[in-house]
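This report refers to the structure that appears directly beneath it.
The values are calculated or read from the model by the stated rules, or taken from the named source; none is laboratory data. Small disclaimer: the values here were computed from a predicted structure and weren't measured. Cβ atoms come from the backbone with ideal geometry, glycine included; neighbour counts cover every protein chain shown. Areas reflect the complete protein model, heavy atoms only, side chains present, ligands, DNA and RNA absent. Shrake-Rupley method; radii C 1.70, N 1.55, O 1.52, S 1.80 Å.
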Amino acid sequence: MTDPQLTPRQQLLREVQLLLGFGIITLELDPQHFDVAFEVALSRYRQRSGNAMEEAFLFLDVQPETAVYRLPDDVQEVNTVYRRTIGGSSGGAAIDPFSLAFTNNIYMVQNPGALGTTGSGMLATYDFAMQYQSLVGRMFGREVMFTWNTATKILALERKFTSAEQVALHIYNTKPEAVVLADPYAKPWLRDYTIAWCKQMMGEARSKFSTIAGPQGGFNLNGDALKTEAKADMERLEQELKDFVDQHMGYPFCHWLTFVR
């Protein structure tokens with residue numbers, strides 16, 4: 001678990017100590033070792049798996065003469081910034097096809113000859129209008145360039161806004177821990193990876209001593225065997241991430257590859 005009294009550097013060094021078996025006296029793991037094993041598994045999963053994030057949209061109220069904004073901590077990536085206008089910040093041509101979809105459908109289906117053309121001609125005209133809007137948007141400032149800092153959650157818009165405006169952010173949020181553990185495909189991976197790191201830590205502690213003295217002449221510890229098992233388990237779990245097994249996509253895909261081969 002994260003200790004608020006430690007700096008990020010001290011917290012990292014503390015995790016390294018625990019992963020190397022620090023503090024194990026009775027050759028068994030303590031609660032802090034289980035905690036750090038799970039934290040490592042969760043961090044690895046969020047780094048490598050697309051199933052650890054969820055796609056969403058966030059509306060941001062842009063203020064005049066302000067280009068830097070702090071987004072919530074659960075925002076992991078910012079994909080695109082969408083504006084509703086073209087040209088200046090205070091106005092411009094804007095067509096929202098989603099809000100007009102129902103009206104357009106009723107108009108073109110029930111009254112196709114209202115403008116002296118057929119329904120297909122109306123659709124073609126609408127398509128040309130959308131292409132024109134896209135071209136004008138690329139040329140005259142609909143798309144907003146930006147820079148995003150994943151660590152500080154700072155979004156810097158490379159545009160000078162002269163009036164208040166609302167923009168939509170296409171983002172990817174980090175799923176909360178409770179949501180990831182409720183996922184029937186992510187939970188087994190996290191459990192197995194946590195167990196693998198527990199084996200690794202126990203192996204590090206037990207391999208410090210090859211034998212322990214006893215009344216019958218002593219006995220050998222299984223430190224090296226535990227580390228070998230941990231390494232094999234981690235390699236298997238890393239391959240499962242590459243095969244998208246945690247996203248319920250790997251098994252059919254793997255079967256198809258086997259059949260092709």
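Points worth noting:
- Every residue from the range 164-177 that is open to solvent by 30 Å² or more (accessible area, probe 1.4 Å) and farther than 18 Å from SER43 by Cα: ALA164, GLN166
- Among the residues making up the range 2-24, those that are assigned to a loop (DSSP other than H, G, I, E, B), among the aliphatic types (A, V, I, L, M) and either in contact with a strand residue (DSSP E or B) (Cβ under 8 Å, 6 or more places away or on another chain) or under 14 Å from GLU204 (Cβ atoms) (or both) are LEU20, ILE24.
- Against the test of being open to solvent by 60 Å² or more (accessible area, probe 1.4 Å), aliphatic (A, V, I, L, M) and modelled with pLDDT under 65, the options LEU135, LEU115, LEU123 yield a single qualifying residue, LEU115.
- Only one of the listed residues (PHE102, PHE38, PHE22) is at pLDDT 85 or above and either touching a helix residue (DSSP H, G or I) at 6+ places or on another chain (Cβ under 7 Å) or open to solvent by 80 Å² or more (accessible area, probe 1.4 Å) (or both). That residue is PHE38.
- Count - residues of the range 147-162 that are open to solvent by less than 30 Å² (accessible area, probe 1.4 Å) and at negative phi: 4
- Pair list, Cβ under 9 Å, 6 or more apart: the range 144-164 residue modelled with pLDDT of 90 or more, other residue assigned to a strand (DSSP E or B) and of a type in the set (Gly, Ala, Ser): PHE146/ALA156; THR147/ALA156; TRP148/ALA156; ASN149/ALA156
- Filter result for GLY92 (on the phi > 0 side of the Ramachandran plot, assigned to a loop (DSSP other than H, G, I, E, B) and at pLDDT below 90): yes
- Residue tally, condition under 21 Å from VAL180 (Cβ atoms), open to solvent by 30 Å² or more (accessible area, probe 1.4 Å) and either without any contact (Cβ under 8 Å) to a residue 12 or more places away in the chain or not hydrophobic (A, V, I, L, M, F, W, C) (or both), over the range 47-78: 10
- Annotation note: Cβ proximity below 6 Å between a residue of the range 209-225 that is surrounded by 11 or more Cβ atoms within 10 Å (Cβ to Cβ) and a residue that is of a type in the set (Gly, Ala, Ser) and modelled with pLDDT under 70 (sequence gap 6+ or interchain) occurs for ILE212/GLY218.
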